[in-house]
Amino acid sequence: MKAEFETYLQELRRGTIVLACLHMLRDAGYGYGLLADLEDRGFATDANTLYPLLRRLEKQGYLTSEWDTAGARPRKFYRTSADGARLAEALGREWRTITGAIDSLAESQRTEAPRVEDRSTHTTPLEEER
């Protein structure tokens, strides 16, 4: 992919990570494990994006968290809250609407007659009759 597109691709990915996290954290998970799971499922992101997102979603009430200190290293486990589940449903509906609209645009572009850029050489049916 062209480097000039990278900014746009990052913006698109950033929006999808919220929805992916809310779905994946219906079962509790911790940051590093979630990062690996997201990547395995095609949502490449980095820790500098994910951890602030998790903290923001928690602060907004869309995730809950608790510390597990039983292991050698304490881990903060996140889980989607009831409000987070409602947000995921709303975002999912909007995502499906948007993708349907984009698919419709792409399909209409494939089925429309090719557009003529240079009208100086193009004749309409009425002009052809003359």
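Things worth noting here:
- Contour minus Cα-Cα distance for Ile17 and Asp46 (0.36 nm per residue): 9.4 nm
- Each residue of the stretch 3-14 was assigned a 3J(HN,Hα) from its phi angle through the Karplus expression (A = 6.51, B = -1.76, C = 1.60, θ = phi - 60°), giving 4, 5, 8, 4, 4, 5, 5, 4, 4, 5, 4, 4 Hz with x at Gly and Pro.
- Heavy-atom accessible surface of the stretch 1-71: percent carbon and sulfur, 1.4 Å: 50
- The overall shape of the stretch 58-97 is prolate: from the C-alpha gyration tensor, with semi-axes ordered a ≥ b ≥ c, the ratio a/c is 1.5 or greater and a/b exceeds b/c.
- Computed about its Cα centre, the charge dipole of the stretch 1-92 is approximately 220 debye, with only Lys, Arg, Asp and Glu carrying charge at their Cβ.
- Net dipole in debye of the stretch 44-105 [+1 Lys, Arg Cβ; -1 Asp, Glu Cβ; about Cα centre; nearest 20]: 220
- Heavy-atom accessible surface of the chain, averaged per residue, reaches 77 Å², computed with a 1.4 Å probe.
- Under the Karplus curve 6.51 cos²θ - 1.76 cosθ + 1.60, θ = phi - 60°, whole-Hz ³J(HN,Hα) for the stretch 70-81, x wherever Gly or Pro sits: 6, x, 5, 10, x, 10, 9, 9, 10, 8, 5, 7
- The value of relative contact order for the chain, using C-alpha pairs under 8 Å at least six residues apart, is 22 percent.
- Vicinal HN-Hα couplings computed from phi for the stretch 28-37 (Karplus, 6.51 cos²θ - 1.76 cosθ + 1.60; Hz; Gly/Pro x): 3, x, 10, x, 5, x, 5, 4, 5, 5
The values are calculated or read from the model by the stated rules, or taken from the named source; none is laboratory data. What you see is a predicted model; the values in this text were computed from it and never measured. A quick note on method: Cβ atoms are made from the backbone with ideal geometry, for glycine too, and the neighbour counts reach across all protein chains shown. Quick note on the areas: whole protein, heavy atoms, side chains included, nothing else; ligands and nucleic acids left out. Shrake-Rupley method; radii C 1.70, N 1.55, O 1.52, S 1.80 Å.
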